[in-house]
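Report on the structure given below.
The values are calculated or read from the model by the stated rules, or taken from the named source; none is laboratory data. Please read all numbers here as calculations on a predicted model, not as lab measurements. Note: ideal-geometry Cβ built from the backbone for every residue, glycine included; neighbour counts use all protein chains shown.
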Amino acid sequence: MKLPESQAAVLRAASADESRSIERLADETGHKPETVTGTVFELEDEGLVAVKESIEETVTLTDEAREYLDSDLPEVDLYETALDAGADADPVEMGRVIGQSGLEGPAVDIALSNYARKGYGVIESGEITADPDADPESDAEAGALADLDAGEAVADEAVLDQLDRRELIERDESTVRTVTLTDAGVTALMEGVETAETVGQLTPEMLTSGEWRDVEFAEYNVEADAQRVDGGKTHILRQTANRVKDTLVGMGFEEMEGPHVDAEFWINDCLFMPQDHPARTHWDQFALETPREIDELPEELVERVRDAHRNGVGEDGEGYHSPWTEEVAKGVDLRGHTTSLSMRYLSGNEVGDLEPPQRFFSVEKVYRNDTLDPTHLLEFFQIEGWVMAEDLSVRDLMGTFEEFYAQFGITDIEFKPHYNPYTEPSFELFGTHPTTGEMVEIGNSGMFREEVLEPLGVDCDVMAWGLALERLLMLMYGFEDIRDVHGTLADLELLRETEVLH
Amino acid sequence: MPVVDVNPDELRDLTGHDEKSDDELIDDMFGLGLEFEGRTEDGDLQLEFAPDRLDRLSVEGVARSLRYQYGDDRGVYVPGTNDADWTIAVDESVPDERPYVTGAVIRDVSLDEDALDSLIQLQEKLHATMGRKRAKGAIGIHDLTMLKGEAAAVEGQSAAGNSITYRGVDPDGDRFVPLDADAEMTPADVLDSHPTGETYADLVAEYDRYPAIYDDIGLFSFPPVINGRRTEVSTDSRDLFVELTGTDQWTIDRMCNIICYALDARGAKVEAVEVEYPDRTLVRPDFEVREKTVTHDRIESLLGIDLSAERVVDLLERSGLDADPEEVGDDEVAYTVEVPPYRVDVLHPLDVVDDVGRAYGFNDLEPRYPDVGTVGGRHDRSKLEDAAREVLVGLGFEDLLNFHMISEPENFDRMRISRPEGSDADLDHVVTGAAEPATILEPYSEDYTMLRTWALPSLMMVLENNTHRGYPQDLAEIGLAARVDDAENTGVAERRTVAGVLARHDASYEDAKARLQAITRNFDADLETPATDHPSFIDGRAAAVVIDGEDVGVIGEIHPEVLVEHDLELPVAAFEFRLDALA
């Protein structure tokens, strides 16, 4: 018979005549008692050994008890001092006896409480007497402690209970297993038991040969930490962007796509931003040095936009009293918002003329010449969305935002009337932070003006909004410095350790 | 956004609400869209607001809006004006670049220190906003008693009694004593050595002749730069002459209106001025009330609520407007809304609807989800990008997100490639990254002067900034790269690029190639890697990435010189190719 090494060893160490304890088998085989216990059960399953279990009480001495082994019990000390002070004749003042005894601290209380119980004398009204017939030499408790220390059993339950109450001993029950060889075990030994080898690694050969049945696998320390693996992870800002995209697609929005470098015409002029608007200076938006201007703009649209800027739209509409030239409109910039994409789509230049109803969105990068600090980047993602339909109202706009932001735990949306050159009415959006509960600005929105829509050829209502994705990320993850995440200063450790949100 | 400082005591005076506490006023102003930002050293309230209601750039305008909000005032108010006594004659010599002038006379002002501060603030804020830093319009306010205009009247140029002249002056022509100076200076001297002159010198630098205003005594104002000391306004001034010059008549007329309304609110009397151009004469200020027509249906549909005509008129009047409902067709009602001359923000009837909404209270509207059915979906490009990213992450790459703006040294020099010029511009087809970059006219800093032509430099920078973090560092990015391309309408070819780096103590070409193979296999694309030369990579260990027969990128072991340049002490294998090759 081939057995794993530990089973073979235990089998050889067991006897058919004598019950042997686990400890003894462990001693003889050199294995840990836990290992032997497991092995014994395996052997029992195979019918090679019989296991008997009994409950055994073990009594161990506490540290306090060990002190008394070297000296006397405190009450014995007290008795002997009292005798010396003549308390066997007349009561002696207790304070004096205690002083002479050298007892201190808790030992005093221990001595006093056990003194009378054992009949060493009487303590009354601050005086102590000693019974001359008492015999501390044969104190049962002291004797029991000595016996226990010597490894002998103490049969007197009353004394053990007393020692337990005094916290001089600890009593534990444990299961003791003893092992004897069965007939099958004896037979197996007589027929010869071979030891199977221990292996570290399960190999393909073992599996195909069936050798795995006969080997024992070396034990691992399964609690130890393994070497760190980081694996790959989608960037958290991308994850956030994808959450937004999923949400908007679920709400019926279709994604837009378009150039990062674009003509001011699409970025500003279509949005009815006068050409001398302060936000159109190079301080807000990055104009390009090369190339300088777009090749071509849709001619008719340029004329309609120019006319809206100069003369306004509608019977009593007014235009701006600002210069407007196609040269400025053709200048190319890094887009300061993705509303340029909305203009391209609404104009029919991207996916053909659009009939209401429509919903479109994008989550794309925009570029602003802002001060670089923990909450502002030169490039960031803008969530852009718009709805085109007949007779949209401010209430529809509000309802859409409530629905969208609720998906991110942001509730109690407030609408602060605002001004944008391209929307009227316009609102700044404020919402309640999902964890801190404070009011935070979460976006800008409004209904596109007639001066925007009419030149584009749109004759129904369009409501639109924009929001910085990074703001949503910071709200969701609680980051304080966006530069740790976005850009070449990103901290890999932070990206690796950021908790996955779902 | 503009910030206006408001003295709360003045606000109580001007609104006639002495009982209002500062906190109540702050709350009331928030309702107007004026956000409390804090207090000045003097205890004034600092209020930020969107730049549409420029009539609220001073305490007088804020007080007027509050009185409408409180219901103390209703409807359009237009101050009465006295007939003109003064004329501004416009001389042919006025610089072509700044041909327009307007003005008003203000009588019986009583300016204490606070009122004078407020007037100066209003002037400065109007300069900063409508005036486009004085380029489009500049305001000069003068003590009328210091002006002598009779001579012109004697010459009979005008029906009015007194006159001043707007004309051009040679830079080294007449001299005057400007504000905050003790000596006479020519306009050129002012630009050269007066602090205010230096600040605004750019506005007139290109002019042959400078704008100037004269009375009988001589030059007293050099717009848009500085006034003369002679006519300086003080708390003792009783009558004022307001003049504005600029590049647009409408703009300076509106700025003038806002000044006149502010002084009228303090009990002064506005007096007309005649502006005499060579070909026409205008009477100013122009307090014309404009009209906008809006239908009842439009108001209801835009706000999403039902309103009675009486309610609409009430809300308009509480906004400082007047309105007449009128039947214009089958059950259709339209309002002819009168808009006062200080409202520079009303261009279209829609702006009037916004006023109705504000007066009603937008936050009292019940949100509703629009009952409009549409089908959502992702753009093909973004779906491809996500699919490729998922494969990269599955291969163990940490997905990164870098800036599209980069510096020229990072993009080229530190990668051992050079920026191509002119005819070299097509080199990108041979050497990935070596393309003519789109450059920024006025960069924020020297770190961000152009759009990156490839993404590997960004990943190398991330490795450089993370040498203290654990290895291996397998990083990837799918992002934008751009190059100048005359064939594109915008002049820039934008594309998504896939870049990956493997930084580990035993990184090799084989590691990078294995992953590249895995990527192309996932997209059922055919991959070949013929040997190539690329300065960023070790000779003999670089190859072109050819996907489905097209050369779309590069793969190899990064050149030691590039590694040392990025402070890296272990090998890096890398690849980069165009995302659309996987489509």
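Residue-wise test of (1) touching a Phe, Trp or Tyr at 6+ places or on another chain (Cβ under 9 Å); (2) away from every other protein chain (no Cβ under 13 Å).
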position: B:260; (1), (2): yes, yes
position: B:267; (1), (2): no, yes
position: B:271; (1), (2): yes, yes
position: B:279; (1), (2): no, yes
position: B:288; (1), (2): no, no
position: B:291; (1), (2): no, no
position: B:295; (1), (2): yes, no
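Tally up the residues in the stretch A:313-348 that are at the interface with another protein chain (Cβ under 8 Å from one of its Cβ atoms), farther than 22 Å from residue B:246 by Cα and surrounded by fewer than 20 Cβ atoms within 10 Å (Cβ to Cβ), please.
The qualifying residues number 4.
Any chance you could count how many residues in the stretch A:21-40 are in contact with a strand residue (DSSP E or B) (Cβ under 7 Å, 6 or more places away or on another chain) and of a type in the set (A, V, I, L, M, F, W, C)?
3
Regarding residue B:450, is this residue buried (at least 21 other Cβ atoms within 10 Å of the Cβ), closer than 15 Å to residue A:334 by Cβ and either touching a residue at least 40 places away in the same chain (Cβ under 8 Å) or facing chain A (nearest Cβ under 9 Å) (or both)?
Judged against the criteria, residue B:450 is a match.
Residue by residue through the stretch A:30-41, note down the ones that are in a helix (DSSP H, G or I) and under 40 Å from the mean Cα position of the chain (by Cα).
Listed by number, the residues that qualify are A:33, A:34, A:35, A:36, A:37, A:38, A:39, A:41.
Looking only at the stretch B:355-370, decide whether some residue is within 23 Å of residue B:57 (Cα to Cα) and within 7 Å of chain A (Cβ to nearest Cβ).
Yes - at least one qualifying residue is present in the stretch B:355-370.
Kindly check whether there is at least one residue in the stretch A:452-461 that is assigned to a strand (DSSP E or B), assigned by TED's automatic domain parsing to the domain that holds residue A:269, closer than 23 Å to residue A:279 by Cβ and in contact with a Leu (Cβ under 7 Å, 6 or more places away or on another chain).
no
So for the stretch B:520-529 (the condition being within 46 Å of the chain's Cα centre (by Cα), farther than 30 Å from residue A:292 by Cα and of a type in the set (Gly, Ala, Ser)), does at least one residue qualify?
The answer is no; no qualifying residue exists.
Pull up the stretch A:269-303, narrow it to residues that are in a helix (DSSP H, G or I) and touching a residue at least 60 places away in the same chain (Cβ under 8 Å), then point me to the one that is surrounded by the fewest Cβ atoms within 10 Å (Cβ to Cβ). Please lay out each step first, then the result.
Kept after step one, since they are in a helix (DSSP H, G or I), are these residues of the stretch A:269-303: A:269, A:278-280, A:299-303.
With the extra rule that they be touching a residue at least 60 places away in the same chain (Cβ under 8 Å), the set shrinks to A:269, A:301.
Details: A:269: 27, A:301: 20.
If we take residues in the stretch A:269-303 being in a helix (DSSP H, G or I) and touching a residue at least 60 places away in the same chain (Cβ under 8 Å), then A:301 is surrounded by the fewest Cβ atoms within 10 Å (Cβ to Cβ).
Select from the stretch A:13-34 the residues that are surrounded by 17 or more Cβ atoms within 10 Å (Cβ to Cβ) and either under 20 Å from residue A:196 (Cβ atoms) or among the hydrophobic types (A, V, I, L, M, F, W, C) (or both) and list them in ascending order.
Answer for the stretch A:13-34, where residues must be surrounded by 17 or more Cβ atoms within 10 Å (Cβ to Cβ) and either under 20 Å from residue A:196 (Cβ atoms) or among the hydrophobic types (A, V, I, L, M, F, W, C) (or both): A:13, A:14, A:22, A:25, A:26, A:29, A:31.
Could you give every pair whose Cβ atoms fall below 9 Å, whose first residue belongs to the stretch B:506-529 and is under 20 Å from residue B:472 (Cα atoms), and whose second residue is surrounded by 13 or more Cβ atoms within 10 Å (Cβ to Cβ) and polar (S, T, N, Q), counting only separations of at least 6 or pairs across chains?
From the stretch B:506-529, the pairs are B:513/B:529; B:516/B:529.
Just for strands (runs of 3 or more DSSP E) wholly inside the stretch B:219-298: which have at least 3 residues that are of a type outside the set (A, V, I, L, M) and under 29 Å from the mean Cα position of the chain (by Cα)? If you could, list the steps in order and put the result at the bottom.
Values: elements: B:219-222, B:240-246, B:269-276, B:281-284, B:290-295.
Strands (runs of 3 or more DSSP E) meeting the threshold: B:240-246, B:290-295.
Mind checking whether some residue in the stretch A:232-253 is more than 30 Å from residue A:405 (Cα to Cα) and out of contact with any Asp or Glu (no Cβ under 8 Å at 6 or more places or on another chain)? I'd like the intermediate steps shown before the answer.
We begin by selecting, within the stretch A:232-253, every residue more than 30 Å from residue A:405 (Cα to Cα); these are none.
Taking every residue of the stretch A:232-253 in turn, none turns out to be more than 30 Å from residue A:405 (Cα to Cα) and out of contact with any Asp or Glu (no Cβ under 8 Å at 6 or more places or on another chain).
Taking the condition of being within 12 Å of another protein chain (Cβ to nearest Cβ) and assigned to a strand (DSSP E or B), how many residues in the stretch A:463-500 meet it?
Looking only at that region, the number is 1.
Let me spell it out: the conditions are (1) within 7 Å of chain B (Cβ to nearest Cβ); (2) surrounded by fewer than 21 Cβ atoms within 10 Å (Cβ to Cβ), and residue A:351 meets all of them except one. Which number is the exception?
Residue A:351 satisfies all of (1) within 7 Å of chain B (Cβ to nearest Cβ); (2) surrounded by fewer than 21 Cβ atoms within 10 Å (Cβ to Cβ) except (1).
Would you check if residue B:107 is in contact with a Ser or Thr (Cβ under 7 Å, 6 or more places away or on another chain), basic (Lys, Arg) and within 19 Å of residue B:243 (Cβ to Cβ)?
Taking the combined requirement at face value, the residue does not satisfy it.
Which of (1) closer than 20 Å to residue B:374 by Cβ; (2) surrounded by 20 or more Cβ atoms within 10 Å (Cβ to Cβ) does residue A:425 not meet, given it meets every other one?
For residue A:425, the exception is condition (1).
With the requirement that a residue be crowded, with 22+ Cβ neighbours inside 10 Å, within 14 Å of another protein chain (Cβ to nearest Cβ) and out of contact with any Ser or Thr (no Cβ under 8 Å at 6 or more places or on another chain), what does the stretch B:56-73 give you?
Within the stretch B:56-73, B:65 is the sole residue that qualifies.
Hey, could you check the stretch B:371-388 for residues that are surrounded by fewer than 18 Cβ atoms within 10 Å (Cβ to Cβ) and of a type in the set (Gly, Ala, Ser) and say which is nearest to the other protein chains (Cβ to nearest Cβ)?
Per the stated criteria, the residue is B:377.
Please determine, by comparing only the residues of the stretch A:235-259 that are in a loop (DSSP other than H, G, I, E, B), in contact with a Lys or Arg (Cβ under 6 Å, 6 or more places away or on another chain) and facing chain B (nearest Cβ under 7 Å), which one is surrounded by the fewest Cβ atoms within 10 Å (Cβ to Cβ).
A:257
Within the stretch A:163-179, is there a residue that is assigned to a helix (DSSP H, G or I), away from chain B (no Cβ under 14 Å) and over 30 Å from residue A:108 (Cβ atoms)?
no
For residues in the stretch A:473-502 being touching a helix residue (DSSP H, G or I) at 6+ places or on another chain (Cβ under 9 Å) and either of a type in the set (Phe, Trp, Tyr) or more than 24 Å from residue A:245 (Cβ to Cβ) (or both), which is surrounded by the fewest Cβ atoms within 10 Å (Cβ to Cβ)?
That would be A:480.
Please determine whether any residue of the stretch B:369-378 is closer than 20 Å to residue A:446 by Cα and charged (D, E, K, R).
Yes, because at least one residue in the stretch B:369-378 is closer than 20 Å to residue A:446 by Cα and charged (D, E, K, R).
Pairs, please: C-beta under 7 Å, at least 6 apart or cross-chain, first residue under 15 Å from residue B:11 (Cα atoms) and in the stretch B:30-50, second part of a loop (DSSP other than H, G, I, E, B) and of a type in the set (S, T, N, Q)?
Final answer for the pair search is B:44/B:7; B:46/B:40.
So, in the stretch A:357-369, how many residues would count as being within 8 Å of another protein chain (Cβ to nearest Cβ) and assigned to a loop (DSSP other than H, G, I, E, B)?
Residues flagged as within 8 Å of another protein chain (Cβ to nearest Cβ) and assigned to a loop (DSSP other than H, G, I, E, B) within the stretch A:357-369 amount to 2.
Residue by residue, here is whether (1) assigned by TED's automatic domain parsing to the domain that holds residue B:175; (2) free of Cβ contacts under 8 Å to residues at least 12 places away in the same chain; (3) touching an Asp or Glu at 6+ places or on another chain (Cβ under 9 Å); (4) of a type in the set (Phe, Trp, Tyr) holds:
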{"position": "B:202", "(1), (2), (3), (4)": "yes, yes, no, no"}
{"position": "B:215", "(1), (2), (3), (4)": "yes, no, no, no"}
{"position": "B:222", "(1), (2), (3), (4)": "yes, no, no, yes"}
{"position": "B:258", "(1), (2), (3), (4)": "yes, no, yes, no"}
{"position": "B:280", "(1), (2), (3), (4)": "yes, yes, no, no"}
